[in-house]
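Note sheet for the following structure.
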Amino acid sequence: MEKNAKSLIVVLLCGALFSCNNSESDSNNDEQKKKTGIVEMDTTDVFSSDDYEFVLPRPFALAASFEEAGMSYDASRMNPLSNVDNYKTEGKEILNFGVYSTDLVYNIMNDQPQKSMKYFEALKELADKIGMGRIFTEDELAIRVEKNIASRDKMEDLLIDVHEKSQEYLQNNQLRYLSVIQFAGAWIEGMYLASFDFEEKGSDVVGYKIVDHMTLLNNTIKGIQAYDDRDEDLQSVLDALIDLQSTYKSLKSVKNAEGMPKLSDEDIEIIKEKIHSIRALIIS
């Protein structure tokens, strides 16, 4: 397949948190989107071929959206750091690179510098396994992260730097399609962390956000399907994502919707259970 677009590897080293536009006007627009939690598709990051075309979202979208809805912080909900050594296959390593990326941002946005540093170290360890460890050593990036780990604004700039270096690495090594695998892990972790507040906030608050983010699932599935060298772990996650998509589309509120579906409490609970099941599969 022709690889003719920029990659988006750390579509969540920022855990779907930070926007990467360069112009001043784009920066202002992105600031507004950060405040409103809008999920925006970034058409500069298009994966395309004769068979399909899809885009990945701007990195800020997922966490910002649920942060606006009042996502609470609980350190026990994150993937334990002790699990890093358990991941031995390519699928598990890349998926959990995405998971730990979201956990890192979860800590940063909740002003947890010590936890943030520990999760950054976990990312470096997984990067070494994947073969991207040099990204964290160039330009003393790790030292700069350590110095600024308590500053959300400065960490945004540093993670954008990681994002750019990751893109370059994948393009140079013809590994661009691995970015969507990482995104799958990051997306599931973001939905998982947010799910604990679904009942408390109620369907009117989180329902439309779930619908918004479920539109990303189709592109995520397409991206993983485009990667032919899927191992057994990655295939199992892909099958679970397809099942989640099928379940969502079969909900009456979705099938019978005129415009944006309005999910019921029961619908949200069904989606939540599926998200928790997939997340358990990824981190196990």
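Of the residues making up the stretch 184-208, those that are out of contact with any Leu (no Cβ under 6 Å at 6 or more places or on another chain) and of a type in the set (A, V, I, L, M, F, W, C) are 184, 187, 188, 191, 193, 194, 196, 198, 205, 206. Among what's in the stretch 119-139 and is touching a helix residue (DSSP H, G or I) at 6+ places or on another chain (Cβ under 6 Å) and open to solvent by 60 Å² or more (accessible area, probe 1.4 Å), pick the residue that is farthest from residue 88 (Cα to Cα). Filtering first and then ranking leaves 125. For the stretch 140-154, a residue qualifies if it is modelled with pLDDT of 80 or more and open to solvent by less than 40 Å² (accessible area, probe 1.4 Å), and the qualifying residues are 145, 148, 149, 151. Residues of the stretch 96-111 include none that is of a type in the set (Gly, Ala, Ser), open to solvent by less than 20 Å² (accessible area, probe 1.4 Å), at pLDDT 90 or above and in contact with a Phe, Trp or Tyr (Cβ under 8 Å, 6 or more places away or on another chain). For the stretch 249-273, the set of residues classified as under 27 Å from residue 103 (Cβ atoms), surrounded by fewer than 20 Cβ atoms within 10 Å (Cβ to Cβ) and touching a Leu at 6+ places or on another chain (Cβ under 9 Å) consists of 270 only. Being closer than 15 Å to residue 135 by Cβ and at pLDDT 75 or above holds for only one residue in 167, 182, and it is 182. A single member of 274, 209, 255 is over 18 Å from residue 92 (Cα atoms), modelled with pLDDT of 90 or more and in contact with a Ser or Thr (Cβ under 9 Å, 6 or more places away or on another chain), and it is 274. Among the residues of the stretch 275-284, count how many are assigned to a helix (DSSP H, G or I) and open to solvent by 60 Å² or more (accessible area, probe 1.4 Å). The number of residues fulfilling the criteria is 2. Residue 84 meets the conditions (1) touching a Cys at 6+ places or on another chain (Cβ under 7 Å); (2) open to solvent by less than 20 Å² (accessible area, probe 1.4 Å); (3) farther than 21 Å from residue 196 by Cβ in every case but one. The failed one is (1). Of the residues 234, 244, the single one that is open to solvent by less than 10 Å² (accessible area, probe 1.4 Å), assigned to a helix (DSSP H, G or I), of a type outside the set (Gly, Ala, Ser) and farther than 19 Å from residue 276 by Cβ is 234. The C-beta contact set for the stretch 219-231 (first residue of a type in the set (Gly, Ala, Ser), second residue in a loop (DSSP other than H, G, I, E, B), distance under 8 angstrom, 6+ apart or interchain) comprises 223/177; 226/1; 226/49; 226/52; 226/177.
The values are calculated or read from the model by the stated rules, or taken from the named source; none is laboratory data. What you are looking at is a predicted structure, and each value in this text was computed from that prediction instead of being measured. So basically every Cβ, Gly included, is an ideal-geometry build from the backbone, and we count neighbours across all protein chains shown. Protein only, heavy atoms only, side chains kept; ligands, DNA and RNA dropped before computing areas. Shrake-Rupley method; radii C 1.70, N 1.55, O 1.52, S 1.80 Å.
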